[in-house]
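S.K.: The structure's right below; bear with me while I get my questions together.
The values are calculated or read from the model by the stated rules, or taken from the named source; none is laboratory data. All values reported here derive from a predicted model rather than from experimental measurement. Neighbour counts run over all protein chains shown; Cβ positions are idealised from the backbone, glycine included.
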């Protein structure tokens with residue numbers, strides 16, 4: 001994939017994050033490019049994952065800390081963070097990545113990056129991270145939503 | 001009056017509940033198509049509108065929509081798709097199968113309420 005294609009895909013994914021958070025969470029997000037290196041492992045407590053299949057197979061994921069997931073899902077539902085069950089947090093993060101993938105898919109319609117999506121799932125564990133058996137093509141984008149940080153990654157399999 | 005939300009996401013059902021209750025409707029929830037059919041087959045449950053996700057485990061939204069439109073006692077109930085599926089071909093497929101409206105996720109609560117009112121009018 002050429003750099004310009006990466007740029008377009010990243011722009012569509014970033015726009016999808018902005019749209020999903022504005023409409024479903026009610027808060028504005030900003031992309032944070034300040035730390036430069038997008039290849040580092042990002043640790044988190046809850047990761048929503050979707051497999052996507054187009055010209056290439058890829059994994060799209062959204063990683064959050066437990067505290068940030070509680071804040072964001074509470075904004076989505078209008079519930080106090082302490083009222084949210086673990087299952088609801090996991091479901092909320094999975095649904096966020098589902099909608100980000102769906103929104104980006106709509107923005108990419110008619111391009112070579114257009115893809116099919118699978119049902120989302122969630123990886124849970126304190127300070128977990130994802131390791132690959134071989135070097136793969138990937139990029140990770142950092143966003144801020146209020147005080148919360150979140151990472152959206154795509155890895156080509 | 002009652003609205004049935006069929007979605008495998010408990011969080012989406014909660015968000016829908018917020019909009020439905022602001023319109024003074026009551027929300028009934030199902031996590032998939034089979035559970036929703038069980039609810040609809042109970043004659044005591046009077047549903048005015050079905051809000052239907054597409055991608056669900058078990059019986060998906062499209063299969064459920066086709067099933068509803070085959071059953072004489074429930075086929076009159078209006079169905080609105082509420083889904084991440086945004087491809088024009090799928091929208092046409094759902095409308096041809098009997099859905100009367102289509103809303104793509106993500107959505108704002110205001111958009112949800114507007115679409116519900118378009119389908120069945122203001123709450124009681």
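S.K.: Pick from A:83, A:88: which is modelled with pLDDT of 95 or more, out of contact with any strand residue (DSSP E or B) (no Cβ under 7 Å at 6 or more places or on another chain), over 16 Å from residue A:19 (Cβ atoms) and surrounded by fewer than 23 Cβ atoms within 10 Å (Cβ to Cβ)?
M.R.: Working: A:83 fails: modelled with pLDDT of 95 or more.
Within the list A:83, A:88, the selection yields A:88.
S.K.: Which of the residues spanning the range B:2-12 are within 14 Å of chain A (Cβ to nearest Cβ), outside any helix (DSSP H, G or I) and either modelled with pLDDT under 95 or more than 17 Å from residue B:114 (Cβ to Cβ) (or both)?
M.R.: If we filter the range B:2-12 for residues that are within 14 Å of chain A (Cβ to nearest Cβ), which is where we start, we get B:5, B:7-12.
Then drop every residue that is not outside any helix (DSSP H, G or I), which leaves B:5, B:7-9.
Selection gives B:7, B:8, B:9.
S.K.: Would you call residue B:15 within 14 Å of the chain's Cα centre (by Cα), within 13 Å of chain A (Cβ to nearest Cβ), more than 19 Å from residue B:98 (Cβ to Cβ) and crowded, with 18+ Cβ neighbours inside 10 Å? Let's see the steps before the verdict.
M.R.: Details: within 14 Å of the chain's Cα centre (by Cα): yes; within 13 Å of chain A (Cβ to nearest Cβ): yes; more than 19 Å from residue B:98 (Cβ to Cβ): yes; crowded, with 18+ Cβ neighbours inside 10 Å: yes.
Spelling it out, residue B:15 is indeed within 14 Å of the chain's Cα centre (by Cα), within 13 Å of chain A (Cβ to nearest Cβ), more than 19 Å from residue B:98 (Cβ to Cβ) and crowded, with 18+ Cβ neighbours inside 10 Å.
S.K.: What's the number of the condition residue A:105 fails, among (1) facing another protein chain (nearest Cβ under 10 Å); (2) loosely packed, with under 15 Cβ neighbours inside 10 Å?
M.R.: Of everything listed in (1) facing another protein chain (nearest Cβ under 10 Å); (2) loosely packed, with under 15 Cβ neighbours inside 10 Å, residue A:105 misses just condition (2).
S.K.: Considering (1) buried (at least 16 other Cβ atoms within 10 Å of the Cβ); (2) assigned to a loop (DSSP other than H, G, I, E, B), say which one residue A:69 fails and leave the rest.
M.R.: Here residue A:69 clears every test but (2).
S.K.: Can you find, within the range A:49-59, the residue that is surrounded by the fewest Cβ atoms within 10 Å (Cβ to Cβ) among those that are within 14 Å of chain B (Cβ to nearest Cβ) and over 11 Å from residue A:157 (Cα atoms)?
M.R.: So the residue we want is A:54.
S.K.: Okay, moving on. Has the range A:77-94 got any residue that is assigned to a helix (DSSP H, G or I) and away from every other protein chain (no Cβ under 14 Å)? Even if it seems obvious, please write down each step before you answer.
M.R.: Taking the range A:77-94 and keeping what is assigned to a helix (DSSP H, G or I), we get A:77, A:81-83, A:86-94.
Then keep just the ones that are away from every other protein chain (no Cβ under 14 Å); that gives A:82.
Yes, there is a match, as at least one residue in the range A:77-94 is assigned to a helix (DSSP H, G or I) and away from every other protein chain (no Cβ under 14 Å).
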